[in-house]
Amino acid sequence: MPTLPDTPVASLTHRGVTRWLAGHPWIYGGDAGVADDVPAGAVVRVLDPRGRCLGQAFHSRASKIRLRRVTGDERPVDAGFFRDRIAAAAALRRQLLPGEHSYRLVHGDGDGLPGLIVDRYGDYLVTQFLIPAMEERRELLADLLVAQTGCAGIVNRSDSAVRALEGLPAEKGILRGEVPDPVVYREGQVELAVSLLHGQKTGAFLDQRENHIVAGRYARGEALDCFSYAGGFALQMARRANRVTAVESSAAAAAQIRANAVRNGFDNVEVVEENAFDFLRAAQDAGRRFDTIVLDPPAFAKNKASIPGALRGYKEINLRALRLLNPGGTLVTASCSHHVDEAAFEGVLQAAAADARCDVQVLERRGAGRDHPVLLGLRETRYLKCFVLRVL
Ligand code: SAH
């Protein structure tokens, strides 16, 4: 079915066409010509230099990313289109995670819905509308999400810093229904209570859900979870380890870990409200030893300029962690900086192991959970790296 003839157009340069055909869904300003009167948020037909249609994209004005591919055909991008894409995303989660009720339901470009993030915590959803095209369709999308999931409420957490790059203000609030605070959800055998409205990110870090469970399987003896947030790693480890020390600098998050430990009946979780860099240094000075350590810091590299400092930060914490591990101990170490790719992160780990003078086995190379699908051709969707290492 052809699109309406009055759909605005974007003309790609040869370089833009090459990128588009290679499968890269983002086209930068220099590679796309768009008339001045085409508003941000519009769906545009994407043309090659000879005027042939390559598909359709969302248009942005403020952002360096001028176009985001929505589809390679001319099907109308209307309510039915969004309904089908949301249904397809939901079907994938049912297939990948049968019986689970908490996961990322829509992962932006990775689900063919650029600029839309939807996390599901049981009966409640959290949305992020990150580009003008999604922001404009907010009410439609909320209605479609309620119809698709039957959720009891939606929290909008469009307070992510990336909205500023699109000229959108930071906003948060209740979008549909009523949402308790905190909301309780499950990860494997563990129950976690988090605040969807006031917590970090969308209330929790669902991208680490599968890694939390994996870390729980490796945990034994004395365990340490640095940068713990609500205790996603710490509580999985508490099921097997003798004792878990959770280190977290935010008072609100530290209180959540304590409450979550009580909720699950764990009396072997010690919460330390401290800067993890200081904790690791002091632990080393005090001659402490651990059998299992998790490092899951915030993104140290927020932009290209901060990469060198970020690499030094990753090296410092990983070096200290390796020195604190008993022989045979496990280190689960993550980086969510998309400016530091897996090869660079691996290089840091190797340098840390060399300085610690230990031989290290790579047991697993992991990423975000399968509910955060990576789009082949879009490196930016592969932001989370997580290594499981064992000290020989
Ligand atoms: N591991 C968590 C997510 C961690 S997000 C999970 O899987 O759910 C990073 C956490 O580190 C945040 O909770 C933040 O408050 C905390 N943080 C940031 N800087 C820190 C520091 N220097 N020391 C300790 N915690 C820090």
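Val362 meets each of the listed conditions (1) surrounded by 19 or more Cβ atoms within 10 Å (Cβ to Cβ); (2) at pLDDT 95 or above apart from (1). Within the range 336-370, the residues that satisfy the criterion of being assigned to a strand (DSSP E or B) and not aliphatic (A, V, I, L, M) are Gln361, Glu364, Arg365, Arg366.
Looking only at the range 338-352, which residues are among the hydrophobic types (A, V, I, L, M, F, W, C) and over 11 Å from Glu316 (Cα atoms)? Across the range 338-352, the qualifying residues are Val340, Ala343, Ala344, Phe345. Looking only at residues of the range 273-294 that are within 9 Å of the ligand (Cβ to nearest atom) and touching a residue at least 24 places away in the same chain (Cβ under 8 Å), we find that the one that is surrounded by the fewest Cβ atoms within 10 Å (Cβ to Cβ) is Asn275. Here Thr333 fulfils each of the conditions (1) more than 22 Å from Ala204 (Cα to Cα); (2) free of Cβ contacts under 8 Å to residues at least 60 places away in the same chain; (3) not in a loop (DSSP other than H, G, I, E, B) apart from (1).
State yes or no: is Gln200 in contact (Cβ under 8 Å) with a residue 24 or more places away in the chain and either within 9 Å of the ligand (Cβ to nearest atom) or part of a loop (DSSP other than H, G, I, E, B) (or both)? So Gln200 fits the description; yes. Within the option set Leu324, Leu349, Leu363, being in contact with a helix residue (DSSP H, G or I) (Cβ under 9 Å, 6 or more places away or on another chain), more than 16 Å from the ligand (Cβ to nearest atom), under 17 Å from Phe227 (Cβ atoms) and of a type outside the set (Phe, Trp, Tyr) holds for one residue only, Leu349. When the residues of the range 236-250 are filtered to those that are buried (at least 24 other Cβ atoms within 10 Å of the Cβ) and more than 10 Å from the ligand (Cβ to nearest atom), the one that is farthest from the chain's Cα centre (by Cα) is Ala241. Every condition in (1) in the same structural domain as Gly231 (by TED's automatic domain parsing); (2) in contact with a strand residue (DSSP E or B) (Cβ under 6 Å, 6 or more places away or on another chain) holds for Lys172 except the one numbered (1).
In the range 215-224, the residue that is nearest to Val183 (Cα to Cα) out of those that are more than 19 Å from the chain's Cα centre (by Cα) and not in a strand (DSSP E or B) is Gly216. Looking only at residues in the range 167-190 that are more than 20 Å from the chain's Cα centre (by Cα) and charged (D, E, K, R), the one that is surrounded by the fewest Cβ atoms within 10 Å (Cβ to Cβ) is Glu178. On the given criteria, is Ala57 part of a strand (DSSP E or B) and either touching a Pro at 6+ places or on another chain (Cβ under 8 Å) or farther than 21 Å from Ala368 by Cα (or both)? Answer is yes for this residue. Filtered by the rule that a residue be assigned to a loop (DSSP other than H, G, I, E, B), at pLDDT below 95 and in contact with a helix residue (DSSP H, G or I) (Cβ under 7 Å, 6 or more places away or on another chain), the range 371-392 gives Val374, Leu375, Leu378. Going by what's in this entry, would Val190 be described as out of contact with any strand residue (DSSP E or B) (no Cβ under 8 Å at 6 or more places or on another chain) and either more than 14 Å from the ligand (Cβ to nearest atom) or hydrophobic (A, V, I, L, M, F, W, C) (or both)? It is true that Val190 is out of contact with any strand residue (DSSP E or B) (no Cβ under 8 Å at 6 or more places or on another chain) and either more than 14 Å from the ligand (Cβ to nearest atom) or hydrophobic (A, V, I, L, M, F, W, C) (or both). Taken over the range 343-362, the criterion of being touching a residue at least 40 places away in the same chain (Cβ under 8 Å) and under 30 Å from Val106 (Cα atoms) is satisfied by Phe345, Glu346. Scanning the range 205-235 for residues that are touching a helix residue (DSSP H, G or I) at 6+ places or on another chain (Cβ under 8 Å), away from the ligand (no atom under 11 Å from the Cβ) and within 14 Å of Glu270 (Cα to Cα) yields Ala223, Leu224. Checking Arg320, Arg312 one by one, the residue that is surrounded by 15 or more Cβ atoms within 10 Å (Cβ to Cβ), more than 16 Å from Val388 (Cβ to Cβ) and among the basic types (Lys, Arg) is Arg320 and no other. Considering only residues in the range 251-265 that are closer than 25 Å to Thr202 by Cβ and without any contact (Cβ under 8 Å) to a residue 40 or more places away in the chain, the one that is farthest from the ligand (Cβ to nearest atom) turns out to be Val262.
The values are calculated or read from the model by the stated rules, or taken from the named source; none is laboratory data. As the structure is a prediction and not an experimental result, all values here were calculated from the model. Every residue, glycine as well, gets a Cβ built from its backbone with ideal geometry; the counts of neighbours run over all protein chains shown.
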